[in-house]
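Q: The structure is given below, and queries will be raised subsequently.
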Amino acid sequence: MVLAIGGAAQSPQAKTAESGPVRVTENVHVKKMVDTPYPLRAEQEQIQGRVVLDVSVAADGKVQSTRVISGNEVLAAAFQEAVKNWQFEPHIMDGSAVPFITRVGMSFALRGNVTDKPPVEPAPPKAADSSSPAPQTPSGSPSTAAPPKEIDRVRVSSGVASGNLIHKVQPVYPGGARGAHVQGSVVLHAIIGKDGLIKQLDVVSGPEELVAAARGAVEQWRYRPYLLNGEPVEVDTKIMINFRLSDPAPLILR
């Protein structure tokens, strides 16, 4: 299981009310962390997925409450039970400890379903050749064209995106769907952040009985950041997960 503190997609730190807690997105430290066991029911039903919580923390660092932002209810309940016993470092503002809200995430994947590839270091940029002439305009004078517009997101094919995949969680064929002889492909529309993490995931098509299994695995995938002109950009792509009855039934490894 993978833990993230102060997760993405939060607004900059700001007071929610004059005397209410502040939202903190950076430099959040946990003094005491209680492990989250994989829920027995989730293991038996082969449920995988990512859970995101908003956590309200008192001035002394104790957890006051949690709120589920996303994730399977069985996995979320287990994560909430653990997080309520965490102890955070107090957040100091204007010299005093204040209540705050932060976001934490946990990824749940069954043992044996995770594949990691070592990240590949990008090739160093080539040094500019000082002997090369400057770009010329039709009139023969040096070019004064404006630099290209900065691009924050690009659309790439599923094949190109899969080539950058470095952390993959294999979807589990739901037993109920297999027993009902439901098979087919689930197509997901994904936005991959500049950090290579799944930022947004929407279902495009696929049998309803297979969607949750596909989504629960893919939302945990991690990619090598996609570089454009040497800078990371978000990626817009589609991911297809195929479920075939001829696929071998997975084993639950304890």
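Q: Direction-averaged shadow area of the convex hull around the Cα atoms of segment 151-247, nm²?
A: Averaging across all directions leaves 6.0 nm² for the Cα convex hull.
Q: Determine, for ARG244, ARG103, ARG153, the number of other Cβ atoms within 10 Å of each Cβ, and report the residues in order from fewest to most.
A: ARG244, ARG153, ARG103
Q: If we count other beta carbons within 10 Å of each Cβ, what is the order of ARG23, ARG155, fewest first?
A: Starting with the residue having the fewest Cβ neighbours, the order is ARG155, ARG23.
Q: Let me know the whole percent of all Cα-Cα pairs from segment 161-201 that are separated by more than 13 Å.
A: 68 percent
Q: Please compute the length gained on full extension between SER246 and VAL154, using 0.36 nm multiplied by the number of residues separating them and subtracting their Cα-Cα distance.
A: This chain segment gains 29.5 nm when fully extended.
Q: Give me THR102, THR36, THR115 sorted ascending by neighbouring Cβ count inside 10 Å, so fewest comes first.
A: Ascending Cβ contact count within 10 Å gives the list THR115, THR36, THR102.
Q: Oh, and also: For the cross-link pairs LYS168/LYS238; LYS31/LYS194; LYS31/LYS84; LYS32/LYS62; LYS84/LYS194, which exceed 19 Å when the distance is taken from alpha carbon to alpha carbon? All intermediate terms of the calculation are to be shown ahead of the outcome.
A: On the way: LYS168/LYS238 15 Å; LYS31/LYS194 29 Å; LYS31/LYS84 13 Å; LYS32/LYS62 10 Å; LYS84/LYS194 31 Å.
Violating the 19 Å Cα-Cα cut-off are LYS31/LYS194; LYS84/LYS194.
The numbers here are math on the coordinates, done by the rules we state, and not lab data. Keep in mind the model is a prediction, meaning the values are calculated, not measured. When we count neighbours, we look across all protein chains shown, and the Cβ atoms used for this are built from the backbone with ideal geometry, even at glycine.
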